[in-house]
């Protein structure tokens, strides 16, 4: 992925200085992160419930944002990918006659305060609709490579684009509509609705990949394959099989490996928001 030299986003909040603590003041280790990922899924967890579960009454003191060091290549990569999502979605919204309001992306270590509760590294990356921020502990990228079998820069870009996809859903009103339905549904029905929500965010990540490639020609075939591999490695069936040796489809919240690959590919091949309507699709 040839990302260097492209525009960087100003919508980065760097809270990593002095925030490397975990539950009870302890640093969260990589093993805890992997267990949490296997237990709850990886991307797009509803922060309104999960953050509350993990905070355990911990004080929500926000570390002031600092300026990201100029020589921080990891932060520069995140900022460049975020800037590209801003360009793509601003153009897409403009074509629909609407102004795009980009999210902030917060870099942190261990734990941090959010408008949805206390965010913790063990959750993986997440989006909080209440403050319209994406939260990322970049140690998760190491987890992807070493523990989840999903290496590569574009696999990391897919993570960011997926969370931005949740922001797009929030701006569209999709998130509110889904949340409004949850109280009237059984747990199995709520899970099925969450799957469609997550698969649409995967499709939106594919849209970003399509348009950013048209604009920059910065991807090679291997980059797309790394994103598809990441989508496959974090499918509910794959994670459950690795964790317990069994698969329970009624408990899926993010979709199977095949579904995640399909919907990212759908977005990438079409570049169309209309093609990402997972809620109307009879078969996902």
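The values are calculated or read from the model by the stated rules, or taken from the named source; none is laboratory data. Just so you know, these numbers come straight off a predicted model, no measurement behind them. So basically every Cβ, Gly included, is an ideal-geometry build from the backbone, and we count neighbours across all protein chains shown.
If the condition is being over 17 Å from residue 273 (Cβ atoms) and without any contact (Cβ under 8 Å) to a residue 40 or more places away in the chain, then the range 80-129 contributes only 115. A search for C-beta distances below 6 Å between a residue of the range 203-228 that is within 15 Å of residue 257 (Cα to Cα) and any residue that is part of a loop (DSSP other than H, G, I, E, B), counting only pairs 6+ apart in sequence or on different chains, returns 226/152.
Collect the residues in the range 164-184 that are out of contact with any helix residue (DSSP H, G or I) (no Cβ under 7 Å at 6 or more places or on another chain) and either in a helix (DSSP H, G or I) or farther than 28 Å from residue 105 by Cα (or both), keeping them in residue-number order. If the condition is that a residue be out of contact with any helix residue (DSSP H, G or I) (no Cβ under 7 Å at 6 or more places or on another chain) and either in a helix (DSSP H, G or I) or farther than 28 Å from residue 105 by Cα (or both), then 167, 170, 171, 172, 174, 176, 177, 179, 180, 183, 184 are the ones that fit. In the condition set (1) at pLDDT 50 or above; (2) more than 19 Å from residue 171 (Cβ to Cβ); (3) surrounded by 18 or more Cβ atoms within 10 Å (Cβ to Cβ), residue 83 is compliant with all but (2).
In the set 241, 260, only one residue is in a helix (DSSP H, G or I), at pLDDT below 95 and under 22 Å from residue 151 (Cβ atoms); that residue is 241.
All conditions but one from (1) in a helix (DSSP H, G or I); (2) touching a helix residue (DSSP H, G or I) at 6+ places or on another chain (Cβ under 9 Å) apply to residue 150; the one that does not is (1). Residue count for the range 112-121 satisfying the condition of being surrounded by fewer than 24 Cβ atoms within 10 Å (Cβ to Cβ) and either touching a helix residue (DSSP H, G or I) at 6+ places or on another chain (Cβ under 8 Å) or at positive phi (or both): 4. Condition check for residue 268 on (1) more than 11 Å from residue 200 (Cβ to Cβ); (2) within 20 Å of the chain's Cα centre (by Cα); (3) at pLDDT below 95: one failure, at (3).
Looking at the structure I just gave you, is residue 103 crowded, with 24+ Cβ neighbours inside 10 Å and within 24 Å of residue 210 (Cα to Cα)? Answer is yes for this residue. Listed by first and then second residue, the pairs with beta-carbon distance under 7 Å, at least 6 apart or on different chains, first residue in the range 247-269 and touching a residue at least 12 places away in the same chain (Cβ under 8 Å) and on the phi > 0 side of the Ramachandran plot, second crowded, with 20+ Cβ neighbours inside 10 Å and part of a helix (DSSP H, G or I), are 255/195; 255/198; 255/199; 255/236. Here residue 204 meets the list (1) within 23 Å of residue 248 (Cα to Cα); (2) in a helix (DSSP H, G or I) almost entirely, failing just condition (1).
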